[in-house]
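The values are calculated or read from the model by the stated rules, or taken from the named source; none is laboratory data. Everything numeric here is computed off the predicted structure, so don't read it as measured data. Virtual Cβ from ideal backbone geometry, glycine too; neighbours counted across all protein chains shown. For accessibility, only protein heavy atoms count, side chains too; no ligands or nucleic acids. Shrake-Rupley method; radii C 1.70, N 1.55, O 1.52, S 1.80 Å.
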Amino acid sequence: NPRHPIAEDLLRIIYTATKGRIRQIYGLATRLIHSIEDNLMVEQITPEIAFPIIRREVEDRIRQNGITAKEQTVLNRIAQNPGLSPTRISRDLELSLSNISRALAHLLKARLVSAVQRGRKKEYFPAPETLMALTNTLSGR
């Protein structure tokens, strides 16, 4: 039985975080493999190896895009409750809708969240890496 470069339990976590989107699974798996390809001691990428790499990638993206503390609060709220509307985020965080809209635009540009249009309402979801980095539920911690 040949071993795959990515452990089966990690693949399940990635599959859940990406909602089975093959392009996102492939992209995340490829980035993980490339990030450790020089480390000959690693036979297989496990969740214990992957999560620090993913966290570092998301933290770098946050830093490189100059995400503010307020935007980080919005990002954390979306990671905890995927599918929120700007109005709901505004109400939950007690911030103005214009502040939330600006924060969401910046988070979208940084590829930390995505938006889905449902009728007249837009819902915001964390990017798979963001979800994995900011929540403990998928990492088993």
Check off (1) assigned to a helix (DSSP H, G or I); (2) farther than 19 Å from residue 113 by Cα for residue 75 and give me the number that stays unchecked.
-> (2)
Would segment 12-31 turn up any residue that is over 17 Å from the mean Cα position of the chain (by Cα), open to solvent by 60 Å² or more (accessible area, probe 1.4 Å) and at pLDDT 90 or above?
-> no
Tabulated pairs, segment 34-58, first within 18 Å of residue 133 (Cβ to Cβ), second charged (D, E, K, R) and open to solvent by less than 100 Å² (accessible area, probe 1.4 Å), C-beta under 7 angstrom, 6+ apart or interchain | 47/9; 54/129; 57/129; 58/129
